Each structure stands twice: as C-alpha cells, then as structure tokens.
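Notes to accompany the following structure.
The values are calculated or read from the model by the stated rules, or taken from the named source; none is laboratory data. Remember, it's a predicted structure, so these values are computed and weren't measured experimentally. In this analysis, Cβ positions are derived from the backbone assuming ideal geometry, glycine residues included, and neighbour counts consider all displayed protein chains.
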Amino acid sequence: MELEGVIIDIDHVPLADRSIIRITLKSNSGVYSVLDKGFYPYFRLVPYNKNIDPASISKMSFRDMQQNQMPVHKVSKTRHSLAGKEVEVLKIEANSPRHIPEISRMLAEFGERYEYDILFWKRYLIDKQLNPLHGVSISAHDDDGILLLDSIKGLEEEYKLNKDLLQLCFDIETYNPAVVPRPDKDPCIMISYWIDGESGVLTTKKIDRKFVKTFATEKEMISAFMNLIKEKDPDIIAGYNSSNFDVPYLMKRAEKNGMSFRIGRYDEDIRQEHHGLVEAIRIPGRINLDIYNVARFVSIVGASEKLIKINRFTLSEVYRAITGDTKITVDKNNIWQIWDGTDSDREELADYSLSDSVTLNKLYEFFIALETETSKVSMLTLAENAVSTTGQLVEVLLMRYASDNEELVPNKPEQQEINRRMSNPIEGAYVKTPEAGIYDNIVVLDFRSLYPSIIIAHNIDPAAIAGPDESVYNEAPNGIRFRTKPIGIVPKALKKLINDRKEIKKAYKKDPDSKTLAARSSALKILANSFYGYLGYARSRWYSRDCAASVTAFGRSYITMTIDDAEKAGFHVLYSDTDSIFIQMQKKSKDDAISFLNSINAKLPGLMELELEDFYLRGVFVGKRGADAGAKKKYALLSEAGRVKIRGFELVRRDWSNIARTAQKDVLEAILKEGSKEKAMQIVKNVLDRLRDGKVELKDLIIYTQLRKDIDKYDAKSPELAAAKKAIEKGAKRKDEVQGATIGYIITRNGNTISEKAELDELADSYDPDYYINHQVIPATLKILKELGFTEEELKGGGVQKRL
DNA sequence: GCCGTAGGACTACCA
DNA sequence: ACTGGTAGTCCTACGGCG
C-alpha cells in the first residue's frame with residue numbers, strides 16, 4: 001500500500017537479534033505504524049592502514065559485557081572528505097545501536113572512529129533525507145498484520161493534514177503534607193485535562209462540580225486517565241514541567257499501585273532520557289511537549305525576534321506575559337490542607353486544577369506554530385525539536401549537509417579540548433562610544449543578517465580554510481584565507497535558510513494573517529542567526545576558532561568602513577554597535593542619507609546589504625556612571641511614526657524596581673515626546689515625595705533576580721542571596737524553590753547593610769525609602785536629567801535629603 | 001577605627 | 001550548554017589617615 005503523511009514519532013524496536021526502525025505516521029486516513037527492516041545502525045572508521053580488509057573485520061568476534069555475541073552486520077568501503085581532504089573510510093554496520101559503543105571501542109586500535117554517537121533514528125532521518133513534519137511518502141506491505149516498509153521518501157510538496165495535530169493538555173495535583181510531594185508516599189489527588197474543547201478533572205473525593213469525575217482509588221483514577229488518552233488518541237501530550245514532574249510522578253504512582261503508566265500508542269513504557277541538561281520523556285507513538293521548555297526556548301532564543309519577554313517561568317507568569325490576564329491560583333504549599341479541608345475548599349482546588357489545563361492549552365496555542373515551524377526547518381520530530389538547544393539544531397542540520405556532501409561528521413570534543421577552547425575566546429564586535437546628549441533627527445542604518453551574509457559572501461567554513469601554498473582564496477581581515485570554492489556546508493546551509501526566508505516573506509506579504517508563515521520566517525531567522533555562535537561554541541563538532549574570528553573580523557571591518565565613509569560624506573556618526581550605525585542628520589536631507597546608503601551597498605559583496613532601519617526625531621544617550629564617556633548599549637529613540645525604542649536602560653531590566661523603571665520611562669518619554677525639561681524634573685520630584693511619604697506600594701519595589709547557582713556555591717554575598725537564605729531559615733521556602741529560580745526581594749527598614757535589609761517579596765512588610773531614593777530612583781533618572789543640565793544638588797534640593 | 005575606592009562576583013542586557 | 005561586549009550593583013579588601 002501507498003501512504004502519505006507526517007511522521008509523529010520515529011524510534012526503534014529491539015528484537016532478539018537486531019533493532020528495527022519504527023515510524024508512527026499520521027495520514028488523513030489514520031495513524032499507521034510502519035517497520036523498516038532495511039536499515040542498520042553504523043559508525044565509520046578511517047583506518048590507519050589503508051590495506052585493511054573489510055572482510056577481516058566482518059569475521060572478527062565481538063562480545064558485550066555479558067559475553068553475548070555481537071556480530072557485525074556488514075562492512076563496506078566508502079570515500080569521504082575530512083577537513084577538505086579525501087580519505088578511505090570503512091562503514092561498519094551493526095545489528096543494534098546497543099552494539100555500537102563496544103564494537104567501535106574494540107576497533108579503535110585500527111583507526112579513527114567517526115559518527116559513532118549519532119542516534120539510530122536520527123541517522124535514519126538524515127540518510128533517507130526525511131523531514132518528519134513536512135511529510136513523507138511510504139510504500140509498505142502487510143505482513144501478518146504488521147506493516148513492513150518497502151520504500152520511503154520525502155515529499156516535495158508539504159503534506160497537508162486536514163486537521164491539526166490533536167493535543168491533550170494535562171496537569172496533576174499531589175498530596176503534600178511534607179510540603180514537597182514524595183512520589184513514593186504521597187498520592188496524586190487530581191488529574192485535570194483539556195482535549196478538543198473538552199475539559200475535566202479526575203479525582204478521588206466527591207466534589208460538587210460538573211466537570212469532576214470521582215473514583216474510588218488513585219489506581220482507578222490513573223487508569224481512567226490512561227483510558228481517556230487511549231480513547232481520544234491525541235498526537236501530542238502537553239504539560240507544564242511535565243517531563244520533570246507530572247509524568248515521572250504518575251509513573252511512580254502507577255508503579256506503587258501495581259501497574260504501569262502507559263499512554264503511548266504502543267503497549268510500551270514511557271522512556272526517560274537525559275537530553276543535554278534537560279530531561280526528555282519519550283511517549284512511544286506520540287509527542288511529548290513540555291510547554292515549560294518551549295516557553296524558555298522562545299524567550300531566550302526568540303529574544304532578538306521580540307517574540308515575548310517573560311521574567312519568571314511559572315505557568316501563571318507566562319500566561320500573563322502572553323495574554324495580559326491573570327489566572328486563579330492556590331497556595332501550593334497547602335494543597336494537602338485544602339484537600340483535607342471543607343467541601344468548598346476542594347471545589348476551589350478542582351477549579352484551580354481545571355484552570356491549569358485550560359491555561360496550558362492557551363499557552364500551547366500560542367507556542368505551537370513556532371514550535372512546528374522550527375521542527376520543519378530543523379527537520380527533526382516535534383518532540384525532539386522541543387528538547388533541543390539551538391546548538392543541537394544547527395548541528396543536526398549540518399550533519400545533513402555533511403552527509404549529502406560525503407563529508408565525515410567531526411567528533412564531539414573531549415572535555416580537555418572544550419576547556420582549551422573556552423580559555424581562548426575570540427575577539428567580537430565593534431562598539432563605538434557615543435557622546436552623551438540629546439540629539440534631533442537621527443537616521444539608523446543596519447546590516448541585514450550581518451554574520452550570516454558574511455559567512456555566505458566569503459565562504460567561511462572549517463573545510464574551506466586554504467593552506468599556505470594555495471593561490472585562489474579570499475583573505476579575511478585577520479589574515480585567515482578561505483578558498484572561493486567549493487562552497488562549504490556552513491555557507492551552503494545558511495544560503496538555503498536565507499533564500500527560504502526570502503520566499504516565505506514574499507508569501508507572507510500576500511497573506512499577512514498567516515501565523516504559519518510568520519512563524520516559519522522566525523524559525524528560519526533563529527536558525528540562521530545561530531550559525532556564527534555554533535562555529536565559536538566550545539562543544540561544537542564544527543568548532544573553528546579561525547572561522548568564528550574571521551566572521552567578527554569581517555564584521556568589524558564592514559561597520560568601521562561604513563562609519564568612515566559616513567564621516568567622509570559629512571555625516572556625524574553618533575553611535576554604532578556590531579551591525580548598526582546611528583547618524584545625526586544635522587544639515588543633511590533624507591535623500592542624502594539614502595544616497596549614502598546606496599553608495600555603501602554598491603560596494604558590498606554578494607547578498608550583503610545595509611538597510612534603512614528608520615528615521616528618528618530625537619534620541620537620548622547618557623553618560624556612564626562616574627565617567628565622562630557616553631554609555632554603550634543604552635539609548636532611547638522616538639521614531640517619526642511615534643514609536644519609542646529603548647535599549648539597555650534600567651527600565652528594560654528586571655533587576656530594577658518598578659518604581660525606578662517607571663520613573664525613568666516617564667522621564668525619557670517626557671524628553672523624547674515633549675522635550676520638557678521641567679516636566680522631567682517634576683516627575684522625579686513626585687516619585688521621591690511619594691517614596692518619602694511611604695505611599696508607594698510594596699509590589700512596585702520588588703527587585704527580581706535569578707539565583708543562577710546552587711545556593712551554597714556563591715563566593716559573594718548579595719541582597720538576593722541574603723533574602724533567599726533568610727526565607728529558607730524561616731522555613732518559608734525550600735532550597736529547591738529558590739535555587740535557579742528568579743526571586744523577588746524588597747529592601748526593608750530592618751537591618752544595617754543592604755543585604756541585611758533584603759527580604760523576599762512575600763515576607764517583606766516595610767520598605768526603606770532611603771534605599772529606593774538613593775539607590776534606585778536617583779541613579780536611574782539623574783543621568784538623564786544631567787543631560788538636560790540639571791545637577792544632583794538641584795534634584796536633591798527639590799525635596800530630598802541625602803541623610804536620614 | 002574610619003573613610004574612600006579598586007577590583008571581584010554577579011546579573012542582565014545588546015547585537 | 002550558540003558568541004563576545006558592556007553597564008551597573010553590592011561587597012570586600014586594602015591603603016591612607018590620625
């Protein structure tokens with residue numbers, strides 16, 4: 001039979017003598033499971049002795065630790081290129097991926113080993129050139145009720161499912177008399193879900209709510225949840241931090257109840273795997289999607305795309321960030337008391353539980369387009385894409401190009417090599433020091449995708465570095481020479497991403513409401529922007545100090561050339577950072593700026609392009625604290641269209657209080673929009689008065705900071721650390737609640753030093769006006785008012801005493 | 001012992 | 001656990017002073 005569809009999941013099933021690939025395919029006619037017996041896991045060996053006979057390796061006897069035979073399936077000769085040179089390679093196929101580590105170890109004495117750590121199913125996708133969500137076409141036959149694959153290939157046209165992938169969102173509540181729930185002792189008390197518009201709560205006590213179903217035991221409740229999944233057959237199981245909490249917890253509870261928590265499409269256990277630093281949950285035949293990971297990924301990687309900015313990654317904070325609404329909540333530490341409380345307590349708990357799943361579904365709807373489109377670009381399954389870092393996405397993409405080009409995939413570096421790379425960083429971008437001041441009529445120009453376009457224009461690739469005796473090359477400003485051809489896999493991959501994005505943008509213009517097109521464009525940009533970083537990443541397979549240093553050297557050269565030309569043409573350059581240049585127009589017209597832009601573009605190679613970012617009516621640059629020089633990476637602009645663009649100022653930083661941030665924002669806007677010196681001063685005076693009079697709400701005084709390290713591993717004392725430690729001592733927080741978390745604290749009146757005065761936001765009952773005046777509002781606003789000609793004394797004279 | 005400050009640890013930002 | 005460049009806070013150690 002012939003099948004077309006998207007790959008939901010791909011894994012392998014271990015049989016007695018070998019492992020075979022299994023594909024879970026979703027087609028418009030249903031979900032199919034197809035086995036491919038024609039593919040074997042393998043690694044490659046570059047033998048020290050070229051005359052080594054493949055047959056002799058085939059005949060060797062390999063045994064594992066338990067002395068089980070591990071026959072080699074097949075050994076064949078290939079030719080591959082390695083760092084730009086042709087080499088003879090042996091491809092050694094095994095029967096099971098489990099055999100690869102041992103067989104490759106035993107062959108280490110015969111040569112250099114490569115590609116021994118590429119996962120079996122990933123290898124399959126790469127070698128067969130498949131893109132799971134884009135769609136595949138399969139030819140298979142029925143063998144006693146099992147579908148066996150005859151051939152598979154990727155589809156040219158994207159496969160259109162007539163319905164979106166079906167998601168089930170769920171969340172659990174647990175009994176927690178010890179505050180932190182103990183999976184071996186404390187039962188799961190509620191499971192809430194949302195699927196296809198239907199939502200409900202499964203529980204074990206009678207609760208008077210229509211959406212609640214009550215079961216006699218925890219075991220029956222978990223079984224009912226498993227049955228629900230079986231019956232509704234979702235493609236995606238979405239939770240919030242579910243890979244670390246909900247799923248492992250239910251697995252443990254099921255085990256305690258003498259059963260197995262199985263929610264896949266096959267009668268198999270869920271697999272828990274380490275994936276870099278995150279825990280990955282594999283649900284056979286379905287897609288596990290932990291929205292917590294997704295939100296973090298988008299927030300970190302999508303930052304440049306301005307997708308979202310989230311300060312804290314709790315479910316309710318993320319919900320608030322994307323919808324502006326707040327969700328209902330309960331005191332998490334007291335769930336067990338609520339559960340043991342009154343009927344109405346339990347009704348509220350059920351409402352809360354339900355709201356978590358409903359909320360989660362809204363987050364799912366918000367993130368799924370980008371997640372799906374990133375998967376199509378990375379050509380990984382949705383579940384794998386969701387647990388991958390950008391580094392891993394770039395890596396797997398380059399593996400595909402290496403495979404197409406018959407290049408060996410470089411090995412991952414050993415720890416010693418990683419340390420060596422990290423201790424030797426490269427020089428980065430150029431940043432011009434601005435002159436503090438307030439300027440009118442500014443034009444901002446920037447290079448479109450500077451680093452990707454440099455890599456493409458100059459064929460920057462580890463395998464393209466020319467030797468000293470070669471004559472055809474392009475020399476980077478740092479002296480590294482790159483062959484002009486053949487085109488390396490790094491520029492080749494980038495060019496495809498950039499060309500694809502051009503096409504998508506064209507389509508988007510015709511269909512501006514398409515979320516899919518917008519998300520695909522973002523996904524392409526995120527991937528393209530990660531290549532330079534990957535070249536300089538210490539753990540990268542394609543690390544190349546020379547390449548990364550050449551990219552930034554070219555970058556510095558292009559931007560300084562642009563600055564010099566602008567000045568030669570009579571413009572005043574205010575500021576520049578990496579790929580952008582801020583020009584004060586003075587007597588020049590917009591046409592002059594455009595013709596300058598054109599003159600630069602006329603001499604740029606390839607698809608490199610300087611773009612007009614925007615014209616601005618006014619801009620503010622401030623001085624560095626305690627120095628004459630202007631501060632870099634800090635500016636505020638007002639565009640002709642009335643858009644305010646603010647970068648770097650305290651008001652965009654979460655580790656400043658709301659009161660200081662708001663005051664700074666109001667001052668900047670008063671200057672930008674109204675040019676009013678007096679109004680700016682009045683804003684600050686009002687805030688200082690309110691602070692002194694104790695009229696400011698505590699919530700506007702919270703300072704948020706992440707405790708990035710283990711709480712005992714800090715060398716330095718800090719207010720946030722002191723506040724966290726005090727909360728732990730009081731028993732208000734557990735270590736694991738604050739470690740790695742973004743905590744909020746307030747400087748109170750109790751104590752002498754700032755650290756002594758710091759208390760977690762929920763524990764603080766006063767604030768120290770002196771601190772907020774002299775350490776928050778004044779530093780944030782004074783440097784701006786200074787540019788208006790005010791002095792510190794005038795500000796203080798406006799009603800502030802420095803002394804208590 | 002008090003004061004001012006250089007320098008380290010740390011975080012969050014820009015590109 | 002993609003890069004480097006940067007500002008800024010808080011704290012501590014240190015040196016000068018008396």
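Filtering A:Asp666, A:Asp655, A:Asp693 for residues that are within 16 Å of DNA strand C (Cβ to nearest atom), out of contact with any Lys or Arg (no Cβ under 8 Å at 6 or more places or on another chain), free of Cβ contacts under 8 Å to residues at least 60 places away in the same chain and acidic (Asp, Glu) leaves a single hit, A:Asp655.
Scan region A:385-395 and tell me whether some residue there is out of contact with any Lys or Arg (no Cβ under 8 Å at 6 or more places or on another chain), part of a loop (DSSP other than H, G, I, E, B), surrounded by 17 or more Cβ atoms within 10 Å (Cβ to Cβ) and among the polar types (S, T, N, Q). So far as region A:385-395 goes, yes, one or more of its residues are out of contact with any Lys or Arg (no Cβ under 8 Å at 6 or more places or on another chain), part of a loop (DSSP other than H, G, I, E, B), surrounded by 17 or more Cβ atoms within 10 Å (Cβ to Cβ) and among the polar types (S, T, N, Q).
At least 3 residues being surrounded by 17 or more Cβ atoms within 10 Å (Cβ to Cβ) is the threshold, and among the strands (runs of 3 or more DSSP E) wholly inside region A:270-380 those reaching it are A:278-282, A:287-290.
Within region A:162-177, being out of contact with any Pro (no Cβ under 9 Å at 6 or more places or on another chain) and part of a loop (DSSP other than H, G, I, E, B) holds for A:Asn162, A:Lys163, A:Asp164, A:Asn176, A:Pro177. Looking only at residues in region A:730-755 that are near DNA strand C (Cβ under 10 Å from one of its atoms) and either hydroxyl-bearing (Ser, Thr, Tyr) or assigned to a loop (DSSP other than H, G, I, E, B) (or both), the one that is surrounded by the most Cβ atoms within 10 Å (Cβ to Cβ) is A:Ser755.
For residues in region A:527-542 being small (Gly, Ala, Ser) and not in a loop (DSSP other than H, G, I, E, B), which is nearest to DNA strand C (Cβ to nearest atom)? The selected residue is A:Gly533.
A:Ala727 meets the conditions (1) surrounded by 20 or more Cβ atoms within 10 Å (Cβ to Cβ); (2) within 14 Å of DNA strand B (Cβ to nearest atom); (3) without any contact (Cβ under 8 Å) to a residue 40 or more places away in the chain in every case but one. The failed one is (2).
Within region A:510-517, not a single residue is out of contact with any Asp or Glu (no Cβ under 7 Å at 6 or more places or on another chain), within 16 Å of DNA strand C (Cβ to nearest atom) and closer than 30 Å to A:Lys590 by Cβ.
Note on region A:434-448: among residues that are within 14 Å of DNA strand B (Cβ to nearest atom) and not in a loop (DSSP other than H, G, I, E, B), the one that is nearest to A:Met608 (Cα to Cα) is A:Phe447.
Looking at region A:696-724, which of the residues that are in a helix (DSSP H, G or I) and either in contact (Cβ under 8 Å) with a residue 60 or more places away in the chain or farther than 22 Å from A:Asp768 by Cβ (or both) is farthest from DNA strand B (Cβ to nearest atom)? Step by step, filter region A:696-724, then rank; the result is A:Leu698. Against the condition surrounded by 15 or more Cβ atoms within 10 Å (Cβ to Cβ) and either part of a helix (DSSP H, G or I) or polar (S, T, N, Q) (or both), how does A:Ser550 come out, does it pass? Here the answer is yes, as A:Ser550 does meet what is asked. Scanning region A:623-639 for residues that are within 13 Å of DNA strand B (Cβ to nearest atom) and surrounded by 20 or more Cβ atoms within 10 Å (Cβ to Cβ), we see that the one that is farthest from A:Lys783 (Cα to Cα) is A:Leu637.
This table checks each residue for (1) outside any strand (DSSP E or B); (2) under 30 Å from A:Ile20 (Cβ atoms); (3) in contact with a Leu (Cβ under 9 Å, 6 or more places away or on another chain).
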| position | (1), (2), (3) |
| --- | --- |
| A:His134 | yes, yes, yes |
| A:Ser137 | no, yes, yes |
| A:His141 | no, yes, yes |
| A:Asp150 | no, yes, no |
| A:Lys160 | yes, yes, no |
| A:Val179 | yes, no, no |
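The one condition from (1) closer than 30 Å to A:Ile671 by Cβ; (2) acidic (Asp, Glu); (3) out of contact with any strand residue (DSSP E or B) (no Cβ under 7 Å at 6 or more places or on another chain) that A:Asp768 does not meet is (3).
Summed over region A:93-117, residues that are closer than 17 Å to A:Val13 by Cα, in a helix (DSSP H, G or I) and either among the charged types (D, E, K, R) or touching a helix residue (DSSP H, G or I) at 6+ places or on another chain (Cβ under 8 Å) (or both) total 2. The residues on offer are A:Leu398, A:Leu408, and the sole one that is buried (at least 19 other Cβ atoms within 10 Å of the Cβ), of a type in the set (A, V, I, L, M, F, W, C) and within 26 Å of the chain's Cα centre (by Cα) is A:Leu398. Pull out all pairs, ordered by first then second residue, where Cβ-Cβ is under 8 Å, the residues are six or more apart or on different chains, the first lies in region A:133-147 and is among the charged types (D, E, K, R), and the second is surrounded by 15 or more Cβ atoms within 10 Å (Cβ to Cβ). Going by the 8 Å Cβ cut-off, the qualifying pairs are A:Asp142/A:Leu148.
When A:Tyr439 is tested against (1) of a type outside the set (D, E, K, R); (2) modelled with pLDDT of 95 or more; (3) touching a helix residue (DSSP H, G or I) at 6+ places or on another chain (Cβ under 9 Å), only condition (3) is not met.
For region A:640-658, filtered to residues that are closer than 17 Å to A:Asn311 by Cα and buried (at least 16 other Cβ atoms within 10 Å of the Cβ), the residue that is nearest to DNA strand B (Cβ to nearest atom) is A:Arg654. Check whether at least one residue in region A:215-223 is under 26 Å from A:Ile8 (Cα atoms) and part of a loop (DSSP other than H, G, I, E, B), and report yes or no. There is no residue in region A:215-223 that is under 26 Å from A:Ile8 (Cα atoms) and part of a loop (DSSP other than H, G, I, E, B). Is it true that A:Lys679 is of a type in the set (Lys, Arg), at pLDDT below 95, more than 14 Å from DNA strand B (Cβ to nearest atom) and part of a helix (DSSP H, G or I)? Judged against the criteria, A:Lys679 is a match.
Please indicate, with yes or no, whether at least one residue in region A:465-475 is closer than 23 Å to A:Arg541 by Cβ, among the acidic types (Asp, Glu) and part of a loop (DSSP other than H, G, I, E, B). No, there is no match, as no residue in region A:465-475 is closer than 23 Å to A:Arg541 by Cβ, among the acidic types (Asp, Glu) and part of a loop (DSSP other than H, G, I, E, B). Of the numbered criteria (1) more than 30 Å from A:Ala383 (Cα to Cα); (2) in contact (Cβ under 8 Å) with a residue 12 or more places away in the chain; (3) in contact with a Lys or Arg (Cβ under 8 Å, 6 or more places away or on another chain); (4) surrounded by fewer than 17 Cβ atoms within 10 Å (Cβ to Cβ), the one A:Glu86 fails is (2). The set of residues from region A:474-489 being basic (Lys, Arg) and either farther than 24 Å from A:Val394 by Cα or surrounded by 15 or more Cβ atoms within 10 Å (Cβ to Cβ) (or both) comprises A:Arg481, A:Arg483. Of the residues making up region A:622-644, those that are farther than 19 Å from A:His775 by Cβ and among the charged types (D, E, K, R) are A:Asp628, A:Lys632, A:Lys633, A:Glu640, A:Arg643.
Every residue, every condition in (1) away from DNA strand C (no atom under 16 Å from the Cβ); (2) farther than 26 Å from A:Ala383 by Cβ; (3) over 14 Å from the mean Cα position of the chain (by Cα), yes or no:
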{"site": "A:Phe297", "(1), (2), (3)": "no, no, no"}
{"site": "A:Asn334", "(1), (2), (3)": "yes, yes, yes"}
{"site": "A:Ser344", "(1), (2), (3)": "yes, yes, yes"}
{"site": "A:Ser353", "(1), (2), (3)": "yes, no, yes"}
{"site": "A:Asn361", "(1), (2), (3)": "yes, no, yes"}
